[in-house]
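To start, the structure under review is shown below, and the notes come after it.
Every number here is computed from the coordinates shown, using simple stated rules; none is lab data. For clarity, every value in this text was computed on a predicted model and none was experimentally measured. Here Cβ is always computed from backbone atoms with ideal geometry, including for glycine, and neighbour counts include all displayed protein chains.
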Amino acid sequence: MTPLIPDPADGVSDPGGALAPDLECSTDPARLDVDRVHHWLSTDAYWALGRSREAQLRAIEHSLNIGVYTRASGRQVAYARVVTDRSTFAWLCDVYVDRPARGRGVGTALVGVVQELLEPWGVRRLTLATNDAHEVYARRGFRLLPDPERWMEHRPEWASPAPDARGRD
């Protein structure tokens, strides 16, 4: 089936110009530093501590991935992943900015890039979960769910233990 809307996975530099001039974005999965992304998430991201490399590779394969890179060296400094039907719904997850790159607005700009990439598809709802970065997402228009009691989740028994108090998977 031919897509009706261009696929943002064709690559992007910085559609809204929100990144610092020395940084660029790409949706090209071949550019991802998979070892670096896996290390960041499995050792330093509360929600993904201990995630296996195999699980991370499957997640990358079945998601829209956005990397932020330095223009000079091409070194990856941030990552985000979107799970979406490319029509009505998207889940923003695994947003991570390398510790030395934090405090420069990279996370906020990355979220803006994600929003712009999803816009041509007409995605009406972009959701996420965070334990400690509410202000980053609020800058890009996110707000708490108006009716959280309407949302539910299912975790199969084999996925135990249940998430801890910090929301870790």
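Taking only the C-alpha atoms of the stretch 52-110, Rg followed by Dmax gives 12.7, 37 Å. Of the chymotrypsin sites (Phe, Trp or Tyr not before Pro) in the stretch 104-162, the ones in a loop by DSSP (not H, G, I, E or B) with at most 14 other beta carbons within 10 Å are 151.
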